[in-house]
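Report on one structure; see the data block that follows.
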């Protein structure tokens, strides 16, 4: 009897350990924040304003508002899961040169934003950024373009599923965190994952125009996941590019920029 009780206790302890280990593993494979701001828009000759925004749950997030000359609209920039806003200056310059004001913000736990990252928290951060544009800057939803790179695409899609927007530009997107998990840890059953980032179910009902960019040889997010997401997205166009997950967009900007310019001319009338 004592052996049975001991075996049961050991099993319970093993299950508890496995649960917390999986939660730790999830966080370590999803969020890669950096705190240090290594550069600012001034380093690429752009004027900007430091912005602090409070989220619905009371977390202060940090961002930059970068104005354009004679802006056609405003870009809400949802960056990927690594680094912080200071590592997106090349893309900021691209979109600013296309005639867009830009608001780029750091999720909680990134850069100068307070708190620690979580799925629910990142959604709240993105919602707060949108409200800053519509309520403080008085931007019309019909002039707001969402840009999401990698994990940021999940933020943009979630936001667009709940709020009006002119369009979405999506780079390196995936269908869900669970689908990504299957490729990284194929032996772990997907039902054990707590983090979802389920873009596949949300994008189906977003009517706003969408422009997808994805590398056919993306080494982090398989191209197949982008195709699956695109296949259920109404009013969408998929542009195939070549190169690394974090480099293709910039390396092929001579191809990417004209397509974005033409897209913006259509959606920001």
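A short reminder: the numbers here are calculations on the coordinates, not readings from a lab. Note that the structure is a prediction, hence the values are computed from the model and not measured. For neighbour counting, all protein chains shown are included, and Cβ atoms are generated from backbone atoms with ideal geometry for every residue, glycine included.
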Taking Cα atoms, the helix 2-30 axis meets the longest principal axis of the chain at an angle in degrees (rounded to 10) of 10
What helix-only [θ] at 222 nm does the chain give? Using -39500 (n - 2.57) per DSSP H run of at least 4, over all residues, to the nearest 500, the answer is -12000 deg cm²/dmol
Protection proxy (average C-beta count within 10 Å per residue), highest first, orders 62-69, 95-102, 43-50 as 95-102, 62-69, 43-50
Everything considered on the Cα gyration tensor (a ≥ b ≥ c; rounded for a/c under 1.5, else prolate if a/b is larger than b/c, else oblate), region 126-266 must be described as oblate
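Pop the C-beta distance of residue 266 and residue 224 into the FRET formula with R0 = 25 Å and round what comes out to the nearest 0.05.
Details: r = 28 Å, r/R0 = 1.11.
Working from the Cβ atoms, E equals 0.35.
State whether region 64-147 is rounded, prolate or oblate according to the following rule on the C-alpha gyration tensor (a ≥ b ≥ c being the square roots of its eigenvalues): a/c under 1.5 gives rounded; otherwise a/b larger than b/c gives prolate, and the remaining case gives oblate. Please list the in-between numbers first.
Values: a/c = 2.38, a/b = 1.40, b/c = 1.70.
Oblate, since a/c reaches 1.5 and b/c is not below a/b.
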Per its Cα gyration tensor (rounded if a/c is under 1.5, else prolate when a/b beats b/c, else oblate), the chain is best filed as prolate
The helix 151-162 Cα axis meets the longest alpha-carbon principal axis of the chain at an angle in degrees, between 0 and 90 and rounded to 10, of 80
GNM on the chain, Cα springs under 10 Å; top mean-square fluctuation among 208, 173, 156 goes to 208
1/(1 + (r/R0)^6) with r = Cβ-Cβ of residue 45 and residue 196, R0 = 41 Å, i.e. FRET efficiency to nearest 0.05, evaluates to 0.50
